[in-house]
Amino acid sequence: MSLFKRLASLQARLLVLLLLLIFGVWVSAAVLTWVDTRHELDELLDAHLAQSAALLVAQQTDADAAERSHRPHRRHTFGDDEHPDAPTLHKYATRVAFQVFHDGKLTLHSGSAPDTPMSPQLRGFATVVLPGAGPWRVFGAQGKEGDVQVFVGEQLRSRRSILWAMMQSLLMPLLVALPVLALLGWLAVRRSLTPLRTLSQALAQRQPQSVAPLVITDTPSEMAPVVSSLNSLLARIGQMMVAERRFTADAAHELRTPIAAIRAQAQVALGAGSNVAERDQALRQTLAGCDRATHLVAQLLTLSRLETAGHPPQGVRVDVCQIAQRVAADLAPGALARKQVLTLDTSATGPISADEMLTGVLIRNLLDNALRYSPDGAQVSLRVHTSAGLVHLEVNDSGPGLPAADLARLGERFFRGLGSGQQGSGLGWSIVRRIAEVYRAQVLATPSSLGGLCVTVSWPLAPDQESRQI
């Protein structure tokens, strides 16, 4: 694992892992082949020893039968002048030996066999160490009457030589193939990672401001989610860039007017000289301009946060009635100053799934617009009620209202109805519609029964509340 951590290249990691797997399989196959070949070779050579012993037993039995029937038979041993010694028959003859005992006497043996029995075990196989000859594999057998004892042996060194010769012929091609497999593995890994290199080159060649989707031909199925996620990220970045540019343009466009007004009023104050009333009026207008600029900046920042946030705040269970009461309490002093009548009906509880701060911003914009664009002494009502699994927030005013053509344009940036006589940026409705969109609410603007405008916002009830009503 530490080796993989030190390798920074994915290609190097895959190649090392592949080579280790190939080498591990090769070693395992070699070990299994060695064990299996050795077992089969021992079985084969043991069978030869047993067969040779059986032949010698049969030969000696025939000789004994001939003697008892007075047929001429001559005993002989390998090494007599009339018979060639076993070593001259084959180069491996010194590695095999046999002994034939009759009534406890050695009557026949090979030139490489000692004079004493090669094995203490009269029947079956035994592995013994002969003086000066090393370890031997010996098989013992007896005749039917027990007067004939035969030992046939083979040096274990010869078996190892045969096994090694067989393994060389089996494993040498595989050993030669290892470098070839390594080269082919490197080529396969390098070719398989070509799409990654293509993706890296495509990203490296892109301009910083480019948010166009990536197009990678012959994309493997494993890379398709990566490319799709990158394209989705680029799309979100593009939306954020557009929102940032739009915010910059909006801010420059809207802040130019109040800043120019503040500057003009400041110049009037400077030029007032000893005219205290004119200077005070200019300063009051300056403060009003500052308030308008502050309000505009707050609106712009709120709208920018809503549009650039990839993931708006997650909805939690909030009570619309409590938020509406708090917002109405904040705006009541301004309504009283203009002798406006603000009524509040929040007797019905309305839990929804939304963000408390953004819900307050929505209600504040609606109520502030109703109070701002209604004349002095006007009536404004705020009501919360539930029906059909929805929470409805209604804001009614007795102001001048809007014609049907202007109602259709509500929510457009910087759109304000003509003849309102009030300062504003037209962003309040954009903020309301954006917040409503985030939390699945519907906004409807219609003529009010009070003579002005009626705005209704409808949210789905929180799930547990909705299930209890059903």
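The values are calculated or read from the model by the stated rules, or taken from the named source; none is laboratory data. Just so it is clear, the structure is predicted and the values come from calculations on it, not from any experiment. Don't worry about glycine lacking a Cβ; one is built from the backbone with ideal geometry, like all the others, and counts go over all protein chains shown. Heads up: the accessible areas ignore ligands, DNA and RNA and are worked out on the full protein's heavy atoms, side chains in. Shrake-Rupley method; radii C 1.70, N 1.55, O 1.52, S 1.80 Å.
Values as computed for the structure displayed
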| read-out | value |
| --- | --- |
| Members of region 138-167 found to be farther than 15 Å from Ala58 by Cα and open to solvent by 80 Å² or more (accessible area, probe 1.4 Å), listed by number | Arg157, Arg160, Trp164 |
| Qualifying residue in region 5-23 (condition: more than 30 Å from Arg197 (Cα to Cα) and either touching a strand residue (DSSP E or B) at 6+ places or on another chain (Cβ under 7 Å) or modelled with pLDDT under 65 (or both)) | no |
| Residues (in contact with a Gly (Cβ under 9 Å, 6 or more places away or on another chain) and in a loop (DSSP other than H, G, I, E, B)) located in region 134-151 | Asp147 |
| Subset of region 356-392 (residues that are of a type outside the set (Ser, Thr, Tyr), touching a strand residue (DSSP E or B) at 6+ places or on another chain (Cβ under 7 Å) and in a loop (DSSP other than H, G, I, E, B)) | Ala378, Gly389 |
| Subset of region 409-455 [in a loop (DSSP other than H, G, I, E, B) and at pLDDT 80 or above] | Tyr439, Arg440, Ala441, Ser448, Ser449, Leu450, Gly451, Gly452 |
| Region 374-406: number of residues that are in contact (Cβ under 8 Å) with a residue 60 or more places away in the chain and open to solvent by 30 Å² or more (accessible area, probe 1.4 Å) | 4 |
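One line per residue, one yes/no per condition, for (1) modelled with pLDDT of 75 or more; (2) among the hydrophobic types (A, V, I, L, M, F, W, C); (3) open to solvent by 30 Å² or more (accessible area, probe 1.4 Å):
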residue	(1), (2), (3)
Phe78	no, yes, yes
Arg95	no, no, yes
Leu108	yes, yes, no
Leu122	yes, yes, yes
Pro131	yes, no, yes
